[in-house]
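Right, one structure below, let's go through it.
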Amino acid sequence: MKKVLFLLVCITLLFIIHGLFRSILTLWEKKDVYVAKQQELERVKKENTALKAQEKTVTDAQFAEKEIRNKLFMVQPDENVVVLPADVGKEAKTPKKRHVVAIPVYEQWISLFVKGY
């Protein structure tokens, strides 16, 4: 009788140990999920603060006026509009290339002594 009772207690303890071990493993796995969600929460908080800052600039009256002027090409009644040709900016951006003719060195020396310059 004592052996049967001892065996029953041992089997019960093994089931309890097995259950605790499985609980520890699931908690360990959930810890990884928790860390991933924390990182995602930090990312979303940063995005939220950036969007709030953008909202402040968008709701500003100066921003609205700037957008109206730039995208809709509107001006106030007392302003004058100057329209420039499309190729004006291209000339300033691309420098003109100089065509330098390479004169041989001996001709440079001759022109220096003979012509004087």
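The values are calculated or read from the model by the stated rules, or taken from the named source; none is laboratory data. What you are looking at is a predicted structure, and each value in this text was computed from that prediction instead of being measured. So basically every Cβ, Gly included, is an ideal-geometry build from the backbone, and we count neighbours across all protein chains shown. Protein only, heavy atoms only, side chains kept; ligands, DNA and RNA dropped before computing areas. Shrake-Rupley method; radii C 1.70, N 1.55, O 1.52, S 1.80 Å.
Note on Lys30: accessible area approximately 130 square angstrom, rounded to 10, probe 1.4 Å, nucleic acids and ligands left out. Test of understanding: in a Gaussian network model of the chain with alpha carbons linked when under 10 Å, which of Val82, Val33, Val100 would top the mean-square fluctuation ranking? Highest fluctuation among the options: Val100. Of the residues Pro77, Pro104, Cys10, the one whose Cα sits farthest towards the positive end of the charge dipole of the chain is Cys10 (charges of +1 on Lys and Arg Cβ, -1 on Asp and Glu Cβ, taken about the Cα centre). Note on Arg22: accessible area approximately 150 square angstrom, rounded to 10, probe 1.4 Å, nucleic acids and ligands left out.
Note down the magnitude of the dipole of the chain about its Cα centre, charges +1 on Lys and Arg C-beta and -1 on Asp and Glu C-beta and zero elsewhere, to the nearest 20 debye.
The calculated dipole for the chain is roughly 820 debye.
Within the accessible area of the chain, what % is carbon and sulfur when the probe is 1.4 Å and the other protein chains stay in place? Roughly 66 percent of what the probe reaches on the chain is carbon or sulfur. The radius of gyration of the Cα set in the chain, together with its Dmax, comes out at 41.3, 133 angstrom. Surface exposure of segment 1-96, expressed per residue as accessible area with a 1.4 Å probe, stands at 102 Å².
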